[in-house]
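Okay, structure first, notes after.
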Amino acid sequence: MKERPREPLQNATFAVPEGSDGACLDRVVRDALPGAAWSRVRRAVETGKVSLDGQRVTDPTARVRAGQVVELRVAARATAAAPRCAFRIVHADRDVVVVDKPPLVSSVPFDAGERDTLVDLVRAELSRREQRALPPLGVVHRLDKETSGLVMFARTLPAKRHLKQQLRFHSVFRRYVALVHGQLEGQSFRSRLVEDRGDGLRGSTNNPRLGQPAVTHVSVLERFGNATLVECRLETGRTHQIRIHLAEAGHPLVGERVYSRGLSGAVLEAPRLMLHARELGFVHPRSEEQVRFEAPIPEDMARTIAALTRG
């Protein structure tokens, strides 16, 4: 299976087909543009480049009706940025910043017009604290927009190189909390991930010459009637690794809209993807000491878990 390059988004106008009545807007647009990446489709919706019956819609999960006219205009002016949101700087020194990212905030700009991403917010907060111009901030890794939890940034080029090297050698400790559909057993997932597994989505391949190795170690924290709360420790950090491994095992994350095919049983509702980067550990680039940080589960995820507990 040969990996195919992603096609750029193109202007499109089409009517919602009968078979897509009640589907989410992002899925309908993606189905109409099979060569486009999911992330680009969702970003196009979120930035106001997609209209439904002539009205801009910025919620990718908005439900559509058969016969409605969807219009994508790639060059449309992006809508105003979302209001600034609460985030927490867990640790900051002259080399490294560790931040607890709230959900529904992009780690970095997706395109040149996007503002109020996490890197923007952190730079502004550091500027306010230190009474100086906006400081440089190097991106070391990132989280999906819907994922909450710990992210680290580098404040110097040597620190960035040091932290990036730790990521390359898989020595950064990363542990996530995830809520998945069904009854999942503790296990380790090992596969090779490719950008296109044959249906336009990232996924695993059996071809040893393609993709990159990905390893996720999963342990069970708590069981509910139709869901399992698990910890996922990353040995590697490929794009969407946890989401793909769990979905391919038949246990997609609660709130998953992309990697959800093959789910048996009822779909559990959630305000967003139920995935939280709870622990982050690494060797500090200056002191060479091992440091570790932890971020509590955010309120929206805690409420979803509590609702399952009440049953």
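The values are calculated or read from the model by the stated rules, or taken from the named source; none is laboratory data. Keep in mind that what you see is a predicted model, and the values were worked out from it rather than measured. Positions of Cβ are generated from backbone atoms using ideal geometry, with glycine treated the same way; all protein chains shown enter the neighbour counts.
Scanning the stretch 138-197 for residues that are polar (S, T, N, Q), closer than 20 Å to E231 by Cα and part of a loop (DSSP other than H, G, I, E, B) turns up T147, S171, Q183. Among the residues making up the stretch 105-125, those that are crowded, with 19+ Cβ neighbours inside 10 Å and out of contact with any Phe, Trp or Tyr (no Cβ under 9 Å at 6 or more places or on another chain) are S106, S107, D120. Testing V16 on (1) of a type outside the set (K, R); (2) within 14 Å of V70 (Cα to Cα); (3) modelled with pLDDT under 85, one condition comes back false. Which one is that? (3) is the only condition that V16 fails. Please verify whether the stretch 236-249 includes one or more residues that are among the β-branched types (V, I, T), buried (at least 21 other Cβ atoms within 10 Å of the Cβ), more than 19 Å from the chain's Cα centre (by Cα) and at pLDDT 95 or above. No: the stretch 236-249 contains no residue that is among the β-branched types (V, I, T), buried (at least 21 other Cβ atoms within 10 Å of the Cβ), more than 19 Å from the chain's Cα centre (by Cα) and at pLDDT 95 or above.
Yes/no matrix, rows are residues, columns are (1) of a type in the set (A, V, I, L, M, F, W, C); (2) under 23 Å from E195 (Cα atoms); (3) touching a residue at least 40 places away in the same chain (Cβ under 8 Å):
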site	(1), (2), (3)
L9	yes, yes, yes
D21	no, no, yes
S51	no, no, no
R56	no, no, no
R65	no, no, yes
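The condition (being within 24 Å of V108 (Cβ to Cβ) and of a type in the set (S, T, Y)) is satisfied by just one residue among T13, T58: T58. Could you say whether any residue in the stretch 159-180 is under 20 Å from the mean Cα position of the chain (by Cα), modelled with pLDDT under 95, over 26 Å from V283 (Cβ atoms) and surrounded by 15 or more Cβ atoms within 10 Å (Cβ to Cβ)? No, the stretch 159-180 has no match at all.
Okay, residues lined up against (1) in contact with a Gly (Cβ under 7 Å, 6 or more places away or on another chain); (2) closer than 20 Å to V151 by Cβ:
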site	(1), (2)
L167	yes, yes
A178	no, yes
F189	no, no
G203	no, no
V220	yes, no
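Can you go through R261, R286, R257 and tell me which one is in a loop (DSSP other than H, G, I, E, B), closer than 20 Å to G200 by Cβ and over 17 Å from the mean Cα position of the chain (by Cα)? Break it down stepwise before answering.
Working: R286 fails: closer than 20 Å to G200 by Cβ; R257 fails: over 17 Å from the mean Cα position of the chain (by Cα).
Criteria check complete, one pass: R261.
Take the conditions of a type in the set (S, T, N, Q), surrounded by 21 or more Cβ atoms within 10 Å (Cβ to Cβ) and out of contact with any Asp or Glu (no Cβ under 7 Å at 6 or more places or on another chain) and apply them to Q212. Does it pass? Considered against the rule, which asks whether it is of a type in the set (S, T, N, Q), surrounded by 21 or more Cβ atoms within 10 Å (Cβ to Cβ) and out of contact with any Asp or Glu (no Cβ under 7 Å at 6 or more places or on another chain), Q212 comes out as no.
Only residues that are closer than 24 Å to W38 by Cα and either in a strand (DSSP E or B) or not small (G, A, S) (or both) were counted across the stretch 198-213, and they come to 11.
In this structure, is R202 out of contact with any helix residue (DSSP H, G or I) (no Cβ under 7 Å at 6 or more places or on another chain) and either of a type in the set (V, I, T) or on the phi < 0 side of the Ramachandran plot (or both)?
Working: out of contact with any helix residue (DSSP H, G or I) (no Cβ under 7 Å at 6 or more places or on another chain): no; either of a type in the set (V, I, T) or on the phi < 0 side of the Ramachandran plot (or both): yes.
Judged against the criteria, R202 is not a match.
Scanning the stretch 56-84 for residues that are closer than 24 Å to E18 by Cα and either at pLDDT below 85 or of a type in the set (A, V, I, L, M, F, W, C) (or both) gives V57, T58, D59, P60, T61, A62, R63, V64, A66, V69, V70, L72.
Here A306 meets each of (1) aliphatic (A, V, I, L, M); (2) crowded, with 16+ Cβ neighbours inside 10 Å; (3) farther than 26 Å from I89 by Cα with one exception, condition (2). For the stretch 215-231, the tally of residues that are hydroxyl-bearing (S, T, Y) and either out of contact with any strand residue (DSSP E or B) (no Cβ under 7 Å at 6 or more places or on another chain) or closer than 15 Å to S188 by Cα (or both) stands at 2. Do we have V105 as closer than 20 Å to P285 by Cβ, of a type in the set (A, V, I, L, M, F, W, C) and touching a residue at least 40 places away in the same chain (Cβ under 8 Å) here? No, not satisfied.
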